Amino acid sequence: MLKKILIPIAADEVACRFDLAGEARIVICLKSGEMEGKTVVLPRAAEKLCHLILMENITCVICGAIEEEYYQFLSWKKITLIDGVAGPWETALNRHLQGALSPGEILCDRSVEGRHVDHP
Amino acid sequence: MSVPSPAIAHLLSKELSFDQLMDEVPLAMAVLDKDLHVVWLNRAFEALTGFSRSEAYGVPCRHIVRSRTCVEHCPTHKGTISAPTPCESDIINRDRVRLPVKLTLAPLTDPNGTITGYVETIEDLRAVKELDSKKSHAFSFEGIIGRSEKMEKLFQTLPILAQSDASILITGETGTGKDVVAEAIHQTSSRAGGPFIKINCGALPETLLESELFGHAKGAFTGAVESKPGRFRMAHNGTLFLTEVGDLPLPLQVKLLTFLDDQEIYPLGDTRPFRANVRVIAATHRNLSQMVADGTFRQDLLFRLNVARIHLPPLRERKGDIRILLDHFLEIYRKQLGKRITGFSQETLTTLSHYRFTGNVRELRNIVEFAASMATETTISVEDLPAYLMDPPPVAALDAPTTDAPTTAGHPPTPEPSQSRTWATTEREMILEALKDARGKRQQAAERLGWGRSTLWRKMKHYGINT
């Protein structure tokens, strides 16, 4: 089955809110192994974004915070949902393609006062 | 590198732990660096957002707070701020719940006035919003509506129970408002400033439930990559509400009993106890005395939970409340749907006053929602009511002798043997009929039922209906 992944984004990050994202990256994984991508402008409303996800036949959504109602709706529609993800969207996408992305993962570079810190 | 845990010197004669001091503050607080990366946050912040101190360390605050303000108009978007900047917003926590909040971002400066970081506080506005919407209601207590004799007695009892710190057991049939009462008790108690944490004991398998309730230490089991605080810890200085406590497995009943006796919890895999200052409110629709006799519920736990007992009467025993509840919910749905509905026809009121409401207040609310959705005139007529109300012939439930609510043991009334249909069965049939008429098109089916599309899919999922 063709993999079609949608990631609501804010600049180069996964948008921290599903319902407030202004744009999304849609990535199609072709059978040849190649990938196609496009960016779409979003209506900043969760219901309309859910509608877009269905219309575009999205198979997987990688997003930030999402309300339970929409999470359950998309899960009911058999869409794989990896929520609570934070950090660069490309990193999230690559980890997902490697099968290594879990819900709630924080991929941001952690730093305090400009100095990198490790996850305690 | 671990999360900083500084000491406060020179405030008292001995050094104080910053963590301990700030964890006692009931307001969610976070310390951020000047790039808005999280440096530290207190227990109240953990409870509100679901993120622990270590999970949030070094992360940009927008990924932890996840508020509307972060996206739309962060105060620092146009540069640094010089004064505390409050704003009303909403956040989505890790339980995927959207909460109304008031965020305040205040700068921290060094002795030269240079900004070195920020303090962010989050005030939970749920209680305020609910109070505002219910201020105009008479015959109510914290959102519970009623003027029958049984409810008046309840209204007299609740404030007294709220002010004590005793464990409370709330019993009653499904749909009688146990959740509402539990939250009302919390909001009128001295713990109102603390968290109100709810957990459904019947919703999770035993293995997950223990970790969810009591927390776990890092490495406690496969997959436990970091420590988790648990609901008891999150409810510290507040209230923990255990719904469906009758579904709590026996091993966890022992742990709960230990907490009620010693006020200490042992997270899974941890030998160090955590002393939690938590008030426990439990609720069940089951007959716990019978469960004790069957050996599925501990008698000593029942005694400990039963220090104070509230039994919510079923709607059919609340004479006079049906009318006030109908008007109350009609007002809510009239506004929600934006419809000009002035009331119910006399025939409708007669039909509803003779209906038994086996689903109690929840069923009454669902019926009003359905009728308000279906109504095309300014008065709700019998035709707007769900079809199942018309058959079998109505029973004069309100005039029939009713049994008194038990005062010491939970004995929910046994179901009527002649009642072969339940609200659930009928609602399921309604959905199937609407889908059949709409030839499987859910949008059309939703319109026929007077529901939004998301309401239809939620109910289809609930009843296991797939098209």
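The values are calculated or read from the model by the stated rules, or taken from the named source; none is laboratory data. Quick caveat: nothing in here was measured; it's all calculated off a predicted structure. Note: ideal-geometry Cβ built from the backbone for every residue, glycine included; neighbour counts use all protein chains shown.
Figures for the structure shown
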| read-out | value |
| --- | --- |
| Whichever residue in the range B:17-49 is surrounded by 23 or more Cβ atoms within 10 Å (Cβ to Cβ) and of a type in the set (Gly, Ala, Ser) and, among such residues, is nearest to B:VAL119 (Cα to Cα) | B:ALA30 |
| B:THR284 being among the hydroxyl-bearing types (Ser, Thr, Tyr) and closer than 25 Å to B:PRO159 by Cβ | yes |
| Given (1) within 30 Å of B:LYS319 (Cβ to Cβ); (2) modelled with pLDDT of 90 or more, number of the condition B:LYS135 does not satisfy | (2) |
| Residue satisfying all of: in the range A:51-76; within 8 Å of another protein chain (Cβ to nearest Cβ) and within 14 Å of the chain's Cα centre (by Cα); farthest from A:ARG25 (Cα to Cα) among these | A:TYR71 |
| Check on B:ALA283, crowded, with 22+ Cβ neighbours inside 10 Å, closer than 30 Å to B:SER353 by Cα and not assigned by TED's automatic domain parsing to the domain that holds B:LEU352 | yes |
| Near pairs, Cβ below 9 angstrom, 6+ apart or cross-chain, from the range A:107-120 (within 21 Å of B:VAL225 (Cβ to Cβ) and within 7 Å of chain B (Cβ to nearest Cβ)) to any residue that is exposed (fewer than 13 other Cβ atoms within 10 Å of the Cβ) and among the aliphatic types (A, V, I, L, M) | none |
| Sole exception among (1) over 18 Å from A:ILE28 (Cβ atoms); (2) touching a His at 6+ places or on another chain (Cβ under 7 Å); (3) among the β-branched types (Val, Ile, Thr) for A:ILE82, by number | (1) |
| The range B:244-272 - residue that is of a type in the set (Asp, Glu) and part of a helix (DSSP H, G or I) and, of those, nearest to B:GLU173 (Cα to Cα) | B:ASP247 |
| Where a residue in the range B:319-331 is more than 10 Å from B:MET151 (Cβ to Cβ) and in contact (Cβ under 8 Å) with a residue 60 or more places away in the chain and its partner, wherever it lies, is of a type outside the set (Gly, Ala, Ser) and buried (at least 22 other Cβ atoms within 10 Å of the Cβ), with Cβ under 7 Å and at least six apart | B:ILE322/B:LEU315; B:ILE322/B:LEU352; B:LEU325/B:VAL361 |
| Unmet criterion (only one of (1) more than 23 Å from the chain's Cα centre (by Cα); (2) of a type outside the set (D, E, K, R); (3) closer than 30 Å to B:LEU385 by Cβ; (4) crowded, with 17+ Cβ neighbours inside 10 Å) for B:GLY338 | (4) |
| First in the range B:183-209 and on the phi < 0 side of the Ramachandran plot and modelled with pLDDT of 85 or more, second anywhere and charged (D, E, K, R) and part of a strand (DSSP E or B), Cβ under 7 Å, 6 or more apart | B:ARG191/B:ARG279 |
| Filter result for the condition that a residue is within 14 Å of chain A (Cβ to nearest Cβ), of a type outside the set (Ser, Thr, Tyr), in contact (Cβ under 8 Å) with a residue 12 or more places away in the chain and loosely packed, with under 13 Cβ neighbours inside 10 Å, over B:PRO60, B:PRO6 | B:PRO6 |
| Single residue of the range B:222-259 satisfying the filter (of a type in the set (Ser, Thr, Tyr) and modelled with pLDDT of 90 or more) that is farthest from B:GLU206 (Cα to Cα) | B:THR239 |
| Candidate set: the range A:85-105, residues that are touching a helix residue (DSSP H, G or I) at 6+ places or on another chain (Cβ under 9 Å) and surrounded by 17 or more Cβ atoms within 10 Å (Cβ to Cβ); chosen: the one nearest to the other protein chains (Cβ to nearest Cβ) | A:ALA86 |
| Subset of the range B:75-89 [surrounded by 19 or more Cβ atoms within 10 Å (Cβ to Cβ) and either within 14 Å of another protein chain (Cβ to nearest Cβ) or among the polar types (S, T, N, Q) (or both)] | B:SER89 |
| Complete set of residues in the range B:32-57 that are within 8 Å of chain A (Cβ to nearest Cβ) and either modelled with pLDDT under 90 or over 26 Å from the mean Cα position of the chain (by Cα) (or both) | B:ASP33, B:LYS34, B:ASP35, B:HIS37, B:VAL39, B:SER54, B:TYR57 |
| So B:ASP300, is it without any contact (Cβ under 8 Å) to a residue 40 or more places away in the chain, of a type in the set (Asp, Glu), out of contact with any Gly (no Cβ under 6 Å at 6 or more places or on another chain) and surrounded by fewer than 18 Cβ atoms within 10 Å (Cβ to Cβ) | no |
| Residues within the range A:18-33 that are of a type in the set (Ser, Thr, Tyr) and within 14 Å of chain B (Cβ to nearest Cβ), tallied | 0 |
| Within the range B:273-364, helices (runs of 4 or more DSSP H) holding 1 or more residues that are under 17 Å from B:SER381 (Cβ atoms) | B:321-337, B:346-353 |
| Meets criteria (facing another protein chain (nearest Cβ under 10 Å), over 24 Å from the mean Cα position of the chain (by Cα), modelled with pLDDT of 85 or more and crowded, with 24+ Cβ neighbours inside 10 Å) for B:VAL65 | no |
